[in-house]
1. Would you point out which residue out of Trp362, Trp369 is buried (at least 16 other Cβ atoms within 10 Å of the Cβ) and either over 28 Å from the mean Cα position of the chain (by Cα) or free of Cβ contacts under 8 Å to residues at least 24 places away in the same chain (or both)?
2. Just to be sure, is Asp109 of a type outside the set (Ser, Thr, Tyr) and out of contact with any strand residue (DSSP E or B) (no Cβ under 9 Å at 6 or more places or on another chain)?
3. Residues of the stretch 86-116 being open to solvent by 10 Å² or more (accessible area, probe 1.4 Å), part of a helix (DSSP H, G or I) and of a type in the set (Gly, Ala, Ser), which ones?
4. In the stretch 286-300, what residues are open to solvent by 30 Å² or more (accessible area, probe 1.4 Å) and not acidic (Asp, Glu)?
5. Just one of the numbered conditions (1) of a type in the set (A, V, I, L, M); (2) modelled with pLDDT under 80; (3) open to solvent by less than 30 Å² (accessible area, probe 1.4 Å); (4) within 31 Å of the chain's Cα centre (by Cα) is not true of Ala55; which one?
6. Identify all residues within the stretch 259-274 that are in contact with a Lys or Arg (Cβ under 8 Å, 6 or more places away or on another chain) and open to solvent by 60 Å² or more (accessible area, probe 1.4 Å); write none if there are none.
7. Of the residues Val281, Val332, which is of a type in the set (Val, Ile, Thr) and assigned to a helix (DSSP H, G or I)?
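The values are calculated or read from the model by the stated rules, or taken from the named source; none is laboratory data. Only a predicted model underlies this, so the values are computations on that prediction, with no experimental measurement involved. Note: ideal-geometry Cβ built from the backbone for every residue, glycine included; neighbour counts use all protein chains shown. Side chains are part of the model used for accessible areas, which takes the heavy atoms of the whole protein and leaves out ligands, DNA and RNA. Shrake-Rupley method; radii C 1.70, N 1.55, O 1.52, S 1.80 Å.
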Amino acid sequence: MKAGRIGLPLVLSLLLSGCWSAKEANEIDYVMGVGVDRGDNGEIILTIQTPDLSALKAENSGSEEKYKSISVKGETTFEALRNYINVGGQKLFWGHIQVCVIGEKAARDGVEDFLDFFSSDPELRGTSQIALVKGKAKDVMEARVSLTPIPSDYLSNLLSNATVNGKSPKVQLVDFNRMLTEPEGSQPYLPIMELMSQADYDRRIAGLNTQSSKGPGQTPVIYTGGTGVFRGTRLKGVLNEKESRGLLWTKKFMKSTLIPVETEGGAVASLELIGGVKNSVAVKMEGDTAHIKLKITANLNIGDRTGGKNVTHVEVLKEMEESFNALVKEEVEQAFDKAARKMHSDIFSFGNALNDRNPKLWNQVKDRWEDEILPNAKLDIEVKGTLRRTSRTLYTPWSKEKDS
């Protein structure tokens, strides 16, 4: 069971029951989420979200907000947190934080100043979700989404399920810290969140050009999609959703996604990844040229389709497999072209693969790897998608030929 799905009920049951070691709930604010921004003068601005226990206890609280969101600033993270008591009136406890989001400016300026605190504080949970925000983290932390009593729990659920559609990676705080401290040959990355109005969401994401009757009172939408690409501790750029899936095909943790593929006659079928993706990487050097061999294998089910031929025919199944193979190869190439060739960031960990294979050679090329060698590497991608012949395929109406 995912921590993000049960985090809020479990935490609230502990807080409201009074069973809380030596710390009394009326003396401490329990951090559920934090947003990190940089001010115009470089100061660190933290937006801290905590549950309002009195509102949560109230039986008839109506539309009263169940959380508090307070922003503080300082020259350092520690100073900003100490300043919280001047406005919040209580000390902070970090043992149940759900999510940490980083504003775009703070990420471009460098995350080392504030992540030093988040990495070393013994109260902080390494399993909390972490993400990059397009714009300001404060705006996301204070968005009134009206879906859960505490928005941090909603944000955590969004990020916990980010890889279900393969449009964004899932990264926990401990994962990001590990990526930052790994030796050369790998670079960090984060999922991206964006706050938008429903009208903006309808137009840009859903593809609808409509006018809502709710007007400006609509609940905003927080959308998760895309990947922030880092070089060391600084954000270099972003991958869109297809490029993000291209990155995920090179990793081992993508468990599910849907791939629409076209077949002869204008049919479109949704192919569902089953059992995760398997891949292997081999990197070798010939002179100053890196040769990267990437093999990707996946088992697929047919989710649904529109129009076209009988999907139980062998030639149609083969055609869909070939379309899947070509699409995956294209997505990986697009991700590699933008991240490695243009941003000079090895978020794929191909350098680590070379280091594992030949540490002596790696030591000779590592200083030139991302700026000179990787951008000019030869990338050979082999994809093998296999459609499973399931009963669903055989017994749906798709198996009947349509009248011409």
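1. Selected residue: Trp362, the only one of Trp362, Trp369 that is buried (at least 16 other Cβ atoms within 10 Å of the Cβ) and either over 28 Å from the mean Cα position of the chain (by Cα) or free of Cβ contacts under 8 Å to residues at least 24 places away in the same chain (or both).
2. No, not satisfied.
3. Gly88
4. Once the filter is applied, which keeps residues that are open to solvent by 30 Å² or more (accessible area, probe 1.4 Å) and not acidic (Asp, Glu), the stretch 286-300 yields Gly287, Thr289, His291, Lys293, Lys295, Thr297, Asn299.
5. All conditions are met except number (4).
6. Glu264, Gly265
7. Of the residues listed, the single one that is of a type in the set (Val, Ile, Thr) and assigned to a helix (DSSP H, G or I) is Val332.
Residues are listed down the side, and each one gets a yes or a no for (1) over 23 Å from Asp37 (Cβ atoms); (2) surrounded by 18 or more Cβ atoms within 10 Å (Cβ to Cβ); (3) in contact with a Ser or Thr (Cβ under 7 Å, 6 or more places away or on another chain):
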| residue | (1), (2), (3) |
| --- | --- |
| Phe118 | no, yes, no |
| Asp121 | no, no, no |
| Leu124 | no, yes, no |
| Val133 | no, yes, no |
| Lys136 | no, yes, no |
| Tyr154 | no, yes, yes |
| Leu159 | no, yes, yes |
| Ser186 | yes, yes, yes |
| Ser197 | no, no, no |
